[in-house]
Amino acid sequence: MSVKQLAMPLIQEQINELRAGDRVELTGWMYTARDAAHERMVEMVQAGGTLPVDIAGQTIYYVGPTPAKPGQIIGSAGPTTSSRMDPYTPVLLSLGLKGMIGKGSRSQSVKEGIVQSRAVYFAAIGGAGALLAKTIRSAEVVAFHDLGPEAIYRLEVERFPVIVINDICGGDLYQQSQSL
């Protein structure tokens, strides 16, 4: 199976071509955010405020990287369980979020939101945080500094390996693999 090379931020034409099970390597810029940052972003939106970063057309990686050792850009950067972001994801999708990276399955409401928003959910390899960190070329905290590793980072990645789990057609790799 071939690996698709995609540049970020993702464009809709790229997303439209992706199907559950596709192997992808991402290159470009993405944001990170975990539970606390998601909760804070949704609270800001619900209070009528604006987000500290424009997520329209962007990809969020669900990761809380460990501190970098001397000479490293970032510490271990493995995915966290995506379902913890599910209560907040529909709001972010409605604001134009186009890609999400994590591990594990998503709720039905998120899967429906992915189809409606024409977005994509990727899985990264759990337990491979040190390997994934090697694809990160730069990392900068851009919001919620007080959250430490759960702050929002802007990452530049090169050939970051993921697999499409949920696509714009309602495809779900986890469900498909269970029916084999």
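Just wondering, is there one or more residues in segment 37-44 that are part of a loop (DSSP other than H, G, I, E, B) and either in contact (Cβ under 8 Å) with a residue 12 or more places away in the chain or buried (at least 22 other Cβ atoms within 10 Å of the Cβ) (or both)?
Checking segment 37-44: not a single residue is part of a loop (DSSP other than H, G, I, E, B) and either in contact (Cβ under 8 Å) with a residue 12 or more places away in the chain or buried (at least 22 other Cβ atoms within 10 Å of the Cβ) (or both).
Can you tell me which residue in segment 132-142 is farthest from residue 33 (Cα to Cα), limited to those that are hydrophobic (A, V, I, L, M, F, W, C) and touching a Lys or Arg at 6+ places or on another chain (Cβ under 9 Å)?
Across segment 132-142, the extreme among qualifying residues is 139.
Given the structure, is residue 167 acidic (Asp, Glu), crowded, with 20+ Cβ neighbours inside 10 Å and more than 12 Å from residue 77 (Cα to Cα)?
So residue 167 passes the test.
In segment 133-169, what count of residues is obtained for those that are closer than 16 Å to residue 80 by Cβ and either touching a Cys at 6+ places or on another chain (Cβ under 7 Å) or among the charged types (D, E, K, R) (or both)?
Residues flagged as closer than 16 Å to residue 80 by Cβ and either touching a Cys at 6+ places or on another chain (Cβ under 7 Å) or among the charged types (D, E, K, R) (or both) within segment 133-169 amount to 1.
For residue 65, which of the numbered conditions (1) of a type outside the set (Phe, Trp, Tyr); (2) buried (at least 22 other Cβ atoms within 10 Å of the Cβ); (3) under 17 Å from residue 167 (Cα atoms) fails to hold?
Checking residue 65 against (1) of a type outside the set (Phe, Trp, Tyr); (2) buried (at least 22 other Cβ atoms within 10 Å of the Cβ); (3) under 17 Å from residue 167 (Cα atoms), the one that fails is (3).
Could you check segment 1-27 and list, in sequence order, the residues that are within 16 Å of the chain's Cα centre (by Cα) and small (Gly, Ala, Ser)?
If the condition is that a residue be within 16 Å of the chain's Cα centre (by Cα) and small (Gly, Ala, Ser), then 7, 20 are the ones that fit.
Kindly indicate whether residue 60 is surrounded by 20 or more Cβ atoms within 10 Å (Cβ to Cβ), touching a Leu at 6+ places or on another chain (Cβ under 9 Å) and at pLDDT below 95.
Judged against the criteria, residue 60 is not a match.
The values are calculated or read from the model by the stated rules, or taken from the named source; none is laboratory data. No experiment lies behind these values; they were computed from the predicted model shown. Don't worry about glycine lacking a Cβ; one is built from the backbone with ideal geometry, like all the others, and counts go over all protein chains shown.
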